[in-house]
Amino acid sequence: EPPQGYNQTIATTWSMSIEQLPQAAADLLAFCAFLAPDDIPREMIAESTDHLPEPLASIVSDALALDRAVTELRSYSLLAVGGDSWSVHRLVQAVVRGRIDNDERNGWAEAAAEAMRAAFPYDNDDAETWPACSRLLAHALAAAGHSERVGVAAGTTVSMLNQVGLYLYRRARFLEAKSALERAIYIAEMDLGPKDRSVAGLLTNLGVVLRDFGELEGAREHSERALEICEGAYSKDHPDIATASNNLGNVLLGLGDLDGAREHHQRALQIDEANYGPEHPEVAKDLKNMGNVLWE
């Protein structure tokens with residue numbers, strides 16, 4: 001084991017090194033301090049110009065300037081390069097975050113959250129996005145954790161955690177999906193209030209995760225609340241009410257409440273037929289749900 005005080009000594013050494021850095025390298029290191037420490041994709045950084053403050057935005061868009069900043073960081077052993085990615089020691093990240101004031105910390109946390117929300121490519125209907133999502137997952141969760149901790153970029157963080165949760169759900173990582181969506185709901189409720197329509201969408205997603213995980217009572221609770229919020233926020237024939245009714249119907253089917261399930265699927269079918277016509281794919285989904293109830 002390292003001797004007592006080893007980490008403090010190393011941290012002091014790194015802090016002295018950071019003080020010697022040119023602004024470009026210092027800013028790049030600060031941004032990386034709000035991501036996960038390993039496998040930071042260079043390409044993702046280079047494509048984040050719209051979400052970074054100046055002068056870092058200009059630096060990352062210039063390959064030569066970015067190379068110079070990386071070389072400076074490597075010369076002080078503050079950043080390691082492996083192929084197309086970088087890594088930063090966790091203690092270096094902690095030293096960087098500890099040296100900056102609250103305004104800077106908030107700014108970098110917000111930048112990291114916005115950059116990761118833009119970079120995380122999850123698409124419900126495209127499994128080809130999964131490898132990229134897998135690589136960026138740790139960075140998305142790290143950025144969300146920092147923004148949540150300092151209380152910035154609430155909307156961005158909620159959106160990112162929702163996408164992360166849906167991705168994890170599709171990969172059958174139910175406990176992690178549940179955690180991400182619960183965090184998203186908490187932040188959204190604090191930022192927008194418990195009856196905001198965006199909260200309903202998050203509750204619906206969590207209800208789906210809990211249903212497939214086998215937590216049917218929890219799924220019913222969240223699905224009922226989602227429907228209640230939609231009923232208060234929209235007209236009675238709004239498509240979001242149909243979505244919430246369908247999700248609650250699926251949960252009730254799992255619980256064996258066939259009459260309740262049929263009632264909610266019938267309601268969804270009537271709303272979607274009125275909005276889209278009888279031949280629309282949404283109506284097909286409603287008919288499939290109704291068929292499942294009638295089969296049971």
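Give all pairs with beta carbons closer than 9 Å in which a residue from segment 52-64 that is of a type in the set (Phe, Trp, Tyr) meets a residue that is at pLDDT below 95 and surrounded by 12 or more Cβ atoms within 10 Å (Cβ to Cβ); count only pairs at least 6 apart in sequence or on separate chains.
none
Which residue pairs have Cβ atoms closer than 6 Å, lie 6 or more positions apart in sequence or on different chains, and pair a first residue in segment 228-246 that is under 11 Å from residue 272 (Cα atoms) and outside any helix (DSSP H, G or I) with a second residue that is modelled with pLDDT of 95 or more and aliphatic (A, V, I, L, M)?
Once the first residue is under 11 Å from residue 272 (Cα atoms) and outside any helix (DSSP H, G or I) and sits in segment 228-246, its partners that are modelled with pLDDT of 95 or more and aliphatic (A, V, I, L, M) give 237/271; 237/274.
Residue check: is residue 150 within 24 Å of residue 71 (Cα to Cα) and of a type in the set (A, V, I, L, M)?
Considered against the rule, which asks whether it is within 24 Å of residue 71 (Cα to Cα) and of a type in the set (A, V, I, L, M), residue 150 comes out as no.
Which one is modelled with the lowest pLDDT, of the residues in segment 81-93 that are outside any helix (DSSP H, G or I) and open to solvent by less than 50 Å² (accessible area, probe 1.4 Å)?
82
Could you check how many residues of segment 99-136 are open to solvent by 40 Å² or more (accessible area, probe 1.4 Å) and either in contact (Cβ under 8 Å) with a residue 60 or more places away in the chain or β-branched (Val, Ile, Thr) (or both)?
Looking only at that region, the number is 5.
Looking only at helices (runs of 4 or more DSSP H) that fall completely inside segment 106-224, which ones have 3 or more residues that are more than 13 Å from the chain's Cα centre (by Cα)?
In segment 106-224, the matching helices (runs of 4 or more DSSP H) lie at 130-150, 174-192, 197-213.
On the basis of being farther than 19 Å from residue 41 by Cα and either in contact with a helix residue (DSSP H, G or I) (Cβ under 8 Å, 6 or more places away or on another chain) or charged (D, E, K, R) (or both), does residue 68 make the cut?
Here the answer is no, as residue 68 does not meet what is asked.
Just one of the numbered conditions (1) closer than 19 Å to residue 173 by Cβ; (2) open to solvent by less than 60 Å² (accessible area, probe 1.4 Å) is not true of residue 96; which one?
(1)
The values are calculated or read from the model by the stated rules, or taken from the named source; none is laboratory data. Note that the structure is a prediction, hence the values are computed from the model and not measured. No Cβ is skipped: glycine too gets one built from the backbone with ideal geometry, and neighbour counts run over all protein chains shown. The accessibility values were calculated without ligands, DNA or RNA, using every heavy atom of the protein model including side chains. Shrake-Rupley method; radii C 1.70, N 1.55, O 1.52, S 1.80 Å.
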